[in-house]
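Note sheet for the following structure.
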Amino acid sequence: MLTPREIVDALDRYIVGQDEAKRAVAVALRNRYRRSRLSPELREEITPKNIIMMGPTGVGKTEIARRLAKLVDAPLIKVEATKFTEVGYVGRDVDSMIRDLVEASIRLCKEKRMESVRLVAETAAGERLIDLLVPNAKKRNSAPVNPLQLLLGGPKANEEEVATEEEKTARLNEREQVASQLRAGLLEEDLVEVEVEQTSAGSDTMLALGIDINLNEMMGGLIPKQKKRRRVKVREARRILTQEESEKLIDMDDVIREAIEKAEQDGIIFIDEIDKIAGTQHGAGPDVSREGVQRDILPIVEGCTVNTKYGPVKTDFILFIAAGAFHVSKVSDLIPELQGRFPIRVKLNALTEEDYKRILSQPEHAITKQYAALLETDNIALQFTDDALGAIAHYAQKANENNENIGARRLHTIMETVLDDISFNASGEHPLIKVVVDENYVKEHLSNEFDGEDLTKFIL
């Protein structure tokens, strides 16, 4: 398990600034590990200290949650609080966040189990692939047999012929030849016929209601699974067969038990836009609906048991991280009971011009590096000078000041405008061309909008 300092260092690779928020989530994650090392009696008494992050849009709240999902070996889901306020069948009940967390935990545990049996599964899939490429011995074309004879143990139709020693040797040699060709990758484009199970998608209306009904599960697996034959290339057949063999090697009941325990003890739920369900005043109208959603969320954050199709799940030790802009409402507009369940509050600062410049170049997958990689596929070697980055950051700051402040998301709009001509004219049919974007180039492509104070092009 990473230390808090290591977690912050890992987040620094992708997110500029917001040190207070990074420290808060790092300590919260480390406390999960510390709690797991305590005695069972004391462990039951220690509950997570939930976090609420406050800050304008585009400063990194959602990005922190997204990077945490890749950083920690724990099930994590992101939900929008506004989803629970929508009218009609599209609105979802708050219990769905726990069901989604269990599904994420099952995927996580299943992937780990399948990775542990991958070598065995690939070996078994290779044998099945050879069977598909080397047909079995010919069947005797006998007359149809009465079904009653089959039940009474009579002769069976289409029994295999008894192969001679020469035929066995020839078939064995053929299998070895095919196996060596497969290992050498010579048969990847050949077509083979495989049987795959048909997955029946549920009704859109039922899925929107959060109802996921599997009739075969309800019938205890009595309905045979439907299969269809597909002609696919060898590389695709290998993937399908490896998946099937991996499924056979893992015990799904054991996976589900482990997943539920992992969701209960290590699960993290990120609730975004929680400020949208904060009522600014008490009375009729939308505030009543918002307060109702808060009261529905309260028992889940507080600790309760939610029934899922995999069994009951306790929410007492799930870590909740909430986030919101809170530019209209305040944290104090949430109901007091819900406020008390988020004892740690961190404020994320609005981005400065210097922050925008750092965002353009410092993160591991900075936006300038992304565009350079994209255009490199069309033989364009794109480079940005330091003064060009400063100019882009200046225009982003100015656009956010004069219009709606959308934070770092403004950079994507400006970058698209700056590189519009280059992206349009690049074709890949020309030799490698080096293109340097400097301050003059940026001003040439952006100054018209700013000279006339016409910033509508940058409003998303």
State which entries of Lys168/Lys233; Lys22/Lys49; Lys61/Lys110; Lys61/Lys276 exceed 18 angstrom in Cα-Cα distance in the structure shown.
-> Lys168/Lys233; Lys61/Lys110
Diffing segment 290-300: the Karplus 3J(HN,Hα) column from phi (6.51, -1.76, 1.60, θ = phi - 60°), in whole Hz with x for Gly and Pro, holds 5, 5, x, 5, 4, 5, 6, 6, 3, x, 5
Cα→Cβ-extended label distance, 7 Å offset, between Glu188 and Glu115, nm | 2.4 nm
From the backbone phi of segment 256-261, what are the Karplus-calculated ³J(HN,Hα) couplings (6.51 cos²θ - 1.76 cosθ + 1.60, θ = phi - 60°) in whole Hz, Gly and Pro given as x?
-> 5, 4, 5, 5, 5, 5
Distance from segment 52-72 to segment 374-442 (C-alpha centre basis), Å | 25 Å
Under the Debye formula (equal points on every Cα, no solvent term), log10 I(q)/I(0) of segment 326-453 at q = 0.14, 0.15, 0.19 Å⁻¹ = -0.70, -0.76, -1.05
Linear extension gain, Lys83 paired with Gln265, 0.36 nm per residue minus alpha-carbon span | 63.0 nm
Taking a ≥ b ≥ c as the square roots of the eigenvalues of the Cα gyration tensor, with a/c under 1.5 meaning rounded and otherwise prolate when a/b exceeds b/c and oblate if not, segment 254-394 is oblate
From the residues Pro312, Ile300, Leu374, which one has its Cα farthest along the dipole of segment 252-410 in the positive direction, the dipole being from +1 and -1 charges on Cβ of Lys/Arg and Asp/Glu about the Cα centre?
-> Ile300
Search the structure for amide H atoms under 5 Å from the amide H of Val437, placed 1.01 Å from N in the peptide plane, and list their residues when 5 or more places away or on another chain.
-> Gln383, Phe384, Thr385
Tell me the label-point distance for the pair Thr377, Glu416, using the 7 Å Cα-to-Cβ offset, in nm and rounded to one decimal.
-> 1.8 nm
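Coordinate-derived values only; no laboratory data. These figures come from a predicted structure and were not determined experimentally. Ideal geometry is used to build each Cβ from the backbone, glycine not excepted, and the neighbour counts take in all protein chains shown.
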